[in-house]
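Accompanying notes for the structure given below.
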Amino acid sequence: MTAKSGKKAAAKAENISETPPRATSKKPAPKSVSTAADRKAVKASVTEKVAAQSVGVAQAAPKAKAAPKAQAATKKPARKTVAKADKPGADGQNPFRATMRRSRAPEPATLVIFGVTGDLSRRKLLPAVFGLWQDGLLGSAFNIVGVGRQEMTDEEFKDYAIAALQESKETDTIQPGSLEKFRELLYYEFGEFGGDEVYNLVGKELDRAEAAHGGRKNALFYLSTPPSLFEPISNGLGRLGLCDQSEGWRRLVIEKPFGRDLASARELNAAIHESWDESQVYRIDHYLGKETVQNLMAIRFGNAIFEPLWNRGYVDHVQITASEDLGLEGRAGYYEEAGIVRDMLQNHLMQLFALTAMEAPAAFDADAIRDEKTKVLRAVKPIPRDRVDSVAVRGQYGAGSEDGQKVPGYRQEPGVKDESRTATYVAVKLEIDNWRWQGVPFFLRTGKRLPKKVTEIAVVFKRAPLGIFPGGLERNVLAFRIQPDEGVSLKFSSKSPGQEMELREVVMDFRYDAFGAQLESPYSRLLLDALIGDATLFPREDEVDHAWQIVSGILEAWNTAPDGDGDAPDFPNYAAGTWGPEEADELIGVDRRWRRL
């Protein structure tokens with residue numbers, strides 16, 4: 001074997017734990033073998049080559065340390081070795097979407113976005129729709145009607161939308177000529193959402209789309225507006241008969257937050273159901289569109305090795321973290337009203353919690369999965385006001401530093417009251433009264449101005465029952481990284497090289513970039529699901545209701561605690577750039593600790 005092949009084999013041996021080897025050979029296919037003798041000769045040749053490669057790896061691996069250049073090369077991520085033409089996105093196409101193009105193409109439809117000139121639409125929705133359309137997932141008979149209160153012509157809206165696509169970091173690689181063709185799909189209507197005129201105009205747009213492309217008047221109405229407009233828009237569409245499905249399907253997508261508390265959420269549901277059937281309503285939570293959140297179900301229910309361990313017999317506790325390193329970013333008006341519980345805990349974290357703790361569904365469909373999530377939320381031990389102090393901690397950040405730069409405290413942010421009592425951090429302990437999880441605490445935490453932006457679900461297992469090795473044993477951890485560095489890791493103990501029996505923690509890590517394709521935008525996935533009519537990743541009415549029931553006691557206790565109350569914390573109680581108030585460490589217990597991410 002040559003030195004060159006030995007180095008290649010060493011690199012392969014080094015990289016085998018990082019990502020699976022990928023076929024990169026571009027040699028032409030071998031000629032057909034016509035005779036039995038020829039086939040026998042080819043088989044012997046292939047066997048000999050495979051054996052040589054196996055021997056080469058085993059022999060060359062020890063020499064890797066003596067070859068600095070080869071060793072340095074092996075430390076690079078495997079995706080760096082892929083030819084430029086093979087890199088995901090090099091040709092503007094996402095290879096994962098090829099299957100979606102064949103099996104997930106929706107019927108011709110019109111997407112109507114209310115609040116189209118808002119920040120969410122500009123940064124997320126328009127780029128997501130453009131990516132789906134450019135990849136051929138929406139077909140040619142597709143239109144977008146933007147609706148807003150700002151007076152604007154069709155041409156002005158087209159300019160606005162194209163500029164948004166060019167500026168957004170969320171936009172896929174733009175293919176030559178794509179923007180000009182996409183521009184032709186855009187239309188705009190404006191008016192006040194409390195009257196009927198704007199809905200009449202929307203109805204005419206649906207008629208025009210049907211005349212231009214033929215087929216049924218399918219329409220997806222997306223409410224990218226402040227929550228106060230959800231009910232007026234829903235009612236307005238209902239008054240004008242735009243929810244009627246006799247001429248095509250009609251669906252309503254509603255952004256979070258869905259209500260301010262349990263009572264307002266129920267009132268909003270009742271108002272929507274005056275015109276819309278529950279099967280037409282899609283309450284969107286973009287966390288559920290993340291690839292790694294969906295992978296949680298795949299790991300749990302697609303692999304037999306995890307289910308026997310996923311219970312009170314082996315799991316010590318579960319930690320779910322969603323931390324943000326940013327402050328308000330100009331959203332003081334919204335955040336002063338919402339706070340961290342409404343903004344993150346009631347929706348995003350509750351959905352991650354339900355997916356982690358749910359039982360296996362009878363089938364992988366919308367009703368079966370949402371049934372199991374609802375069962376978990378219903379089984380959570382209630383948190384009345386008198387239990388809040390023992391199971392929940394709140395915080396508000398003060399001045400501190402992020403990445404070496406000084407940053408202001410929450411009360412110094414523009415638009416925030418000088419003595420604001422709004423919480424920017426919450427940690428809560430949830431307990432589930434069912435056979436699987438009895439006695440296993442789930443710790444959820446989220447906050448702003450923490451050291452880094454990260455979302456993770458960590459299943460922390462119990463220690464081995466008998467510590468026969470010196471130095472004690474750490475707990476095994478199965479961690480799902482939702483963002484960033486999406487992937488899954490398993491931490492366990494292994495013997496450290498040497499004469500002594502010393503154990504150390506090691507991590508077996510899988511990263512999503514091993515697939516060699518960029519991950520889908522959550523909004524791309526959810527928009528396509530809504531257009532197809534797949535409600536699996538959209539919370540149902542009863543899910544939302546039970547999630548509000550869980551946090552209602554917390555909101556009531558914290559909103560009614562007067563300033564100076566002995567139970568109320570002295571805000572601010574954690575510095576920006578730290579992992580929250582000290583009380584959160586007390587909440588998790590003396591024999592446990594929060595993961596430092």
I'd like the residue in the range 328-353 that is under 17 Å from Phe538 (Cβ atoms) and in contact with an Asp or Glu (Cβ under 7 Å, 6 or more places away or on another chain) and, out of all such residues, is surrounded by the most Cβ atoms within 10 Å (Cβ to Cβ). Asn347
How many of the residues making up the range 279-300 are under 15 Å from Thr536 (Cβ atoms), over 11 Å from the mean Cα position of the chain (by Cα) and modelled with pLDDT of 90 or more? 5
Return the total of residues in the range 288-312 being of a type outside the set (Lys, Arg), within 30 Å of Ser524 (Cβ to Cβ) and assigned to a helix (DSSP H, G or I). 13
Residue in the range 288-314 that is nearest to Arg411 (Cα to Cα), counting only those that are surrounded by 21 or more Cβ atoms within 10 Å (Cβ to Cβ) and either in contact with a His (Cβ under 8 Å, 6 or more places away or on another chain) or among the aliphatic types (A, V, I, L, M) (or both): Leu288
Give me a count of the residues in the range 188-225 that are closer than 20 Å to Leu126 by Cβ and without any contact (Cβ under 8 Å) to a residue 12 or more places away in the chain. 0
Of all residues making up the range 362-397, the number that are surrounded by fewer than 22 Cβ atoms within 10 Å (Cβ to Cβ), in contact (Cβ under 8 Å) with a residue 60 or more places away in the chain and more than 20 Å from the chain's Cα centre (by Cα): 8
Does the range 500-516 hold any residues that are basic (Lys, Arg) and exposed (fewer than 13 other Cβ atoms within 10 Å of the Cβ), and which are they? Arg504
Looking at the range 530-537, is at least one residue touching a helix residue (DSSP H, G or I) at 6+ places or on another chain (Cβ under 8 Å) and free of Cβ contacts under 8 Å to residues at least 60 places away in the same chain? no
Tell me, yes or no, whether the range 233-244 has at least one residue that is part of a helix (DSSP H, G or I), over 30 Å from the mean Cα position of the chain (by Cα) and without any contact (Cβ under 8 Å) to a residue 12 or more places away in the chain. no
I'd like to check something: does the range 524-535 contain any residue that is under 19 Å from the mean Cα position of the chain (by Cα), more than 22 Å from Thr374 (Cβ to Cβ) and in a loop (DSSP other than H, G, I, E, B)? no
Regarding Tyr410, is this residue within 26 Å of the chain's Cα centre (by Cα), of a type in the set (Phe, Trp, Tyr) and open to solvent by less than 50 Å² (accessible area, probe 1.4 Å)? no
Of all the residues that make up the range 119-141, how many are open to solvent by less than 10 Å² (accessible area, probe 1.4 Å) and either without any contact (Cβ under 8 Å) to a residue 60 or more places away in the chain or out of contact with any helix residue (DSSP H, G or I) (no Cβ under 7 Å at 6 or more places or on another chain) (or both)? 4
How many residues, within the range 217-226, are out of contact with any Ser or Thr (no Cβ under 8 Å at 6 or more places or on another chain), over 19 Å from Arg540 (Cβ atoms) and buried (at least 18 other Cβ atoms within 10 Å of the Cβ)? 1
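The values are calculated or read from the model by the stated rules, or taken from the named source; none is laboratory data. This one's a predicted model, so the numbers in the text were calculated from it and none came from an experiment. When we count neighbours, we look across all protein chains shown, and the Cβ atoms used for this are built from the backbone with ideal geometry, even at glycine. Ligands, DNA and RNA are excluded from the accessible area calculation, which covers all protein heavy atoms including side chains. Shrake-Rupley method; radii C 1.70, N 1.55, O 1.52, S 1.80 Å.
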